[in-house]
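For reference, the structure is listed below as structure tokens.
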Amino acid sequence: IGEGVSRTPVPGRKRRDIFATIRNDRLWLVGILCILCGIIKESFSMWAPVILTMLLGMDVQSSLLFLMMFPFGQALGSLFSAWLIRNTRDKIRVPLIVEYGVMTVCCAGLFVPDMPVALIILLMVMISAMANAGGNTYFGFLPMSYRTKGMVSTLSGSFDFCSYVGSALSSFVFASVLSGESITPLAMLWGGIAVVSIVLTALVRIPEME
């Protein structure tokens with residue numbers, strides 16, 4: 001009789017294993033990273049037209065042309081993240097640090113005085129692309145590192161939820177930042193998020209993709 005007993009995982013034990021992995025690998029930090037990433041991504045999805053017209057003084061017709069650059073840049077960001085992971089032998093941490101490093105440099109470039117508007121927009125497109133690259137890594141590649149533990153859907157859903165939390169918070173953040181007449185506060189916000197994200201990424205214990 002004992003041999004016929006099915007050895008299926010106990011649900012309570014599986015939940016404990018998941019929470020233990022989240023705690024040991026510090027995956028709760030990835031949740032914070034997804035919130036920060038969501039803030040930046042939403043800033044371009046929702047606020048890009050306002051930034052171009054209010055802060056950069058562009059007219060509506062000209063801004064429509066430049067707004068088309070952001071979806072294109074985000075698509076390139078997704079391809080860039082996949083290329084980075086493929087060329088760093090599936091080490092998740094390295095691509096994230098590279099992406100946020102590029103974002104930090106672009107944010108620093110926004111502090112250059114008397115910069116042409118076209119170059120400012122190009123730097124913002126790069127920031128948007130790197131934020132999308134980070135999101136692609138969080139939602140698509142990082143959970144695959146826990147495939148053998150059966151945590152892919154759990155982590156993907158959790159990280160996606162955290163990103164939406166960041167999107168909701170961005171409305172409050174940018175409402176106060178955009179009250180000025182300069183892009184400098186935005187550059188400080190984006191750059192600060194990028195630097196904090198580099199530090200948090202270094203603290204997370206992310207295994208290689210299995």
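The values are calculated or read from the model by the stated rules, or taken from the named source; none is laboratory data. Remember, it's a predicted structure, so these values are computed and weren't measured experimentally. Positions of Cβ are generated from backbone atoms using ideal geometry, with glycine treated the same way; all protein chains shown enter the neighbour counts. What goes into the accessible areas is simple: the full protein's heavy atoms, side chains included, and nothing from ligands, DNA or RNA. Shrake-Rupley method; radii C 1.70, N 1.55, O 1.52, S 1.80 Å.
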Problem set entry | Accessible heavy-atom area order of M58, M69, highest first, probe of 1.4 Å | M69, M58
For this session: Throw me the Rg/Rh for the stretch 59-210, computed over C-alpha atoms with Kirkwood Rh, two decimals.
Result: 1.00
Seminar exercise, completed: Expressed in nanometres to one decimal, the distance between label points 7 Å along Cα→Cβ at F172 and D25 is 3.0 nm
Exercise. If you take the Cα Rg of the stretch 53-144 and divide it by 2.2 N^0.38 Å, with N the number of residues, what do you get?
Worked result: 1.21
For this session: Describe numerically, in nm with one decimal, the distance between label points set 7 Å from Cα along Cα→Cβ at M46 and at D17.
Result: 3.9 nm
Exercise. Using 7 Å Cα-to-Cβ label points, what is the A75/M54 separation (nm, one decimal)?
Worked result: 2.9 nm
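What is the Rg over Rh value, at two decimals, for the stretch 125-210, using alpha-carbon atoms and the Kirkwood definition of Rh?
Numbers: Rg = 15.4 Å, Rh = 14.7 Å.
Rg divided by Rh gives 1.05.
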For this session: Rounded to the nearest Å, what's the spacing between the alpha carbon centres of the stretch 95-118 and the stretch 147-197? Just the number, please.
Result: 17 Å
For this session: Find how much the distance from M115 to I97 grows on full extension, using 0.36 nm per residue of separation minus their present alpha carbon separation; answer in nm with one decimal.
Result: 3.8 nm
